[in-house]
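Here's the structure, in structure tokens; my notes come after.
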Amino acid sequence: MKHSSLYILIIFLLEIMITKQTHRLTAALRWICLILLGLTAHIAQADNTRNAPSPIHQYTLKNGLKLLVKEDHRSPAIVTMIWYKVGSAYEPLGITGISHALEHMMFKGTPRYPAGQFSKIIAENGGEENAFTSQDYTAYFEKLDRSLLPLAFKLEADRMQNLSLKAEEYNKEIQVVREERHMRVDDNPQGLTFERFLAAAFLSTPYHNPTIGWPDDLNNMKIEDLRQWYHTWYVPNNATLVVVGDVKPENVLAEAQKAFEKIPSRSVPITKPHKEPSELGARKVKVNAPAKIPSLIMGYIVPSRASKPDSWKPYALTVLSGILSSGESSRLPSNLIREKQIASQAEAYYDMYSLFNTPFMFFGSPSKDHSLKALKEAFQKEIQLLQEKPVSSGELEKIKNQIIAQQIYSRDSAYEQALEIGLLASIGLPPDSAEKDVEKIQAVTAAQVQAVAKEYLAPNRLTTAMLIPQSLQPESKEKTR
């Protein structure tokens, strides 16, 4: 149906409403909402058919650099990203935080482009640039006009092989990293609690260590450590170059070959598999800090897409997370915040796109008249309900549609598309996995949701971290136990 026909229908229905008696107004409004929902779905389905996702073009250069290109011609712009397959999960004790520290130093110049020049050149050309480090990867990106693709490649290729890593620049920048840790973790009670939660939840998997690094490691890190880390991991055969935007794949390939192919490849360390020891009982952490309100984290270690690639379970866990915490009508905000008023905040979180097993988490803060113990019991009752009673078909379909819609709409942005493609490639999944995962999420059944709730959200698998404001000690000691 054409959009103009929709507007005519709306006007026609409104005119009918105006001529009717007032007591019929509510019923008429309900009918209009139903008609509009149906028409909107019809139009969206037609639009999706016309705008099917572009394929991801995949190349490998002679030196092992992977190149992934996706066309998006809606604006004359591009997003370029280069992903290095190294993050905090690759770091041994003694140099935790080194991947993030090196990310900072990647902006401190090369002989050709001294400190500050990279960012200045991008800004002078009307672009944006930045970087981020995670447990599984480190990535750098630029948003530019399509004509500036050769510039982005030239700058990234230069710092892939020629980073200066001067001691005087490092001595200044490591202070910035330490201050960042103070701001995000040491002086942030919620950040500190989350760090302690991960350290307790993961005993042997590298996710035990914080991405920003442990304080003592940052205090003792040397420029020589960064030089070795850079020369070990920042090589073309350990990198993925992603380009999304108003481009032709064959032109991108030609520019990538010109900029990157002369950089020699080097062997990189082979990472060994990591597996957590069996759970022998629940784990508990208490953090006493100068917080304004108490808060709670509950978590269970569950599989990810990469750690269990041929299983339906990560998809069922994704749907389970949505049932608990996908919008204001989902169970946690509806039951714990509005109805029972036990919590002022109540959320669940699970991300299936990580290299190793990952936490399925519950976050929350109790309302003024309730304790952390009451909030924990309320979370556990919601878990028990999911384990004992399958979700209804209506609730299941609603949540699956919300999850799928969120994934699809996120791809309206070239940046989000590049982010998705690079992330998947960096954890060893096909770069188009997310598009195919939509069908697998749609296929999840109520029985599968109930099964993963029973298997993974078990009491002996639970790690709990409680943030107890110092002002509540010792008088609330009994309440928070």
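For the pairs K308/K381; K376/K400; K66/K440; K108/K308; K143/K275; K85/K143, flag any whose C-alpha to C-alpha distance is greater than 32 Å.
On the way: K308/K381 28 Å; K376/K400 27 Å; K66/K440 27 Å; K108/K308 39 Å; K143/K275 38 Å; K85/K143 21 Å.
As for pairs spanning more than 32 Å Cα to Cα, those are K108/K308; K143/K275.
Among G327, A343, L396, which residue has its Cα furthest toward the positive end of the charge dipole of the stretch 283-472, with +1 on Lys/Arg Cβ and -1 on Asp/Glu Cβ?
Result: A343, furthest along the dipole toward the positive end.
What FRET efficiency do you get for E179 and K286 if R0 is 22 Å and r is their Cβ-Cβ distance, rounded to the nearest 0.05?
On the way: r = 27 Å, r/R0 = 1.22.
Once rounded, the FRET efficiency stands at 0.25.
Among the helices of the chain (complete DSSP H runs), which have Cα atoms covering no less than 20 Å along the helix axis and a Kyte-Doolittle mean of at least 1.0? Don't skip to the answer; put the middle values down first.
Details: long enough: 3-19 (25 Å, 1.89); 25-50 (37 Å, 0.83); 167-181 (21 Å, -1.60); 372-388 (24 Å, -0.39); 393-410 (26 Å, -0.47).
Counting only whole DSSP H runs, the qualifying helices are 3-19.
Just grab the label-to-label distance for S164 and Q341, each label 7 Å out from Cα along the Cβ direction, in nm (one decimal).
Roughly 6.2 nm, to one decimal.
Percent relative contact order of the stretch 80-203, based on C-alpha pairs within less than 8 angstrom and at least six residues apart? Intermediate results must be reported in sequence, preceding the final value.
Details: 137 pairs, mean separation 34.6, N = 124.
Taking the mean separation of contacting Cα pairs over the length of the stretch 80-203, I get 28 percent.
If neighbour count is taken as other Cβ atoms inside 10 Å, put I301, I323 in order from fewest to most. Walk me through the numbers before you get to the answer.
Numbers: I301 20, I323 24.
So the ranking, lowest neighbour count to highest, is I301, I323.
Evaluate the Debye formula for the stretch 283-472 with equal point scatterers sitting on the alpha carbons, no solvent, and hand back log10 of I(q)/I(0) at q = 0.08, 0.14, 0.17, 0.19 Å⁻¹, in q order, two decimals.
With no solvent term, the Cα-only Debye profile gives -0.28, -0.83, -1.14, -1.30.
If each residue of separation counts as 0.36 nm, what is the full-extension length gain between D310 and S204 once their alpha-carbon separation is subtracted?
35.8 nm
What nm value, rounded to one decimal, do you get for the distance between N220 and E435 when each label is placed 7 Å out toward the C-beta?
Roughly 4.9 nm, to one decimal.
Starting from one equal scatterer on each C-alpha and no solvent at all, send me the Debye-based log10 I(q)/I(0) for the chain at q = 0.06, 0.09 Å⁻¹, two decimals.
-0.34, -0.75
At a Förster distance of 41 Å, what's the computed FRET efficiency of S75 paired with K368, Cβ-Cβ distance as r, to 0.05? Provide the component values of the computation, followed by the final result.
On the way: r = 48 Å, r/R0 = 1.17.
The computed FRET efficiency comes out at 0.30.
Below 8 Å between Cα atoms, with a sequence gap of 6+, how large is the relative contact order for the chain in percent?
Numbers: 814 pairs, mean separation 93.5, N = 481.
Dividing the mean separation by the residue count of the chain yields 19 percent.
Using a Förster distance of 45 Å, how high is the FRET efficiency between Q228 and I404, based on the Cβ-Cβ distance and rounded to 0.05?
Working: r = 44 Å, r/R0 = 0.98.
That gives a FRET efficiency of 0.50.
Using the charge dipole of the chain (Lys, Arg: +1 at Cβ; Asp, Glu: -1 at Cβ; taken about the Cα centre), state which of I297, G213, T133 has its Cα farthest towards the positive end.
I297
What is the spin-label model distance, in nm, from N130 to S392 if the labels are put 7 Å beyond Cα along the C-beta direction?
4.2
Give me S393, S304 ranked fewest to most by other Cβ atoms within 10 Å of their Cβ, as a rough exposure proxy. Could you put the intermediate results ahead of the total?
Details: S393 10, S304 22.
With the fewest neighbours first, S393, S304 line up as S393, S304.
At a 10 Å Cβ-Cβ cut-off, how would you order R411, R338, fewest neighbours first?
Details: R411 16, R338 12.
Sorted ascending by nearby Cβ count, the order is R338, R411.
With each run of n ≥ 4 DSSP H residues scored as -39500 (n - 2.57), what mean residue ellipticity at 222 nm is computed for the chain after dividing by its residue count and rounding to the nearest 500 deg cm²/dmol? Write out the running numbers ahead of the final one.
Values: 16 runs with 211 residues, N = 481.
Calculated from helices alone, the mean residue ellipticity at 222 nm is -14000 deg cm²/dmol.
A short reminder: the numbers here are calculations on the coordinates, not readings from a lab. If you're wondering where the values come from, they're calculated on a predicted model, not measured in any experiment. When we count neighbours, we look across all protein chains shown, and the Cβ atoms used for this are built from the backbone with ideal geometry, even at glycine.
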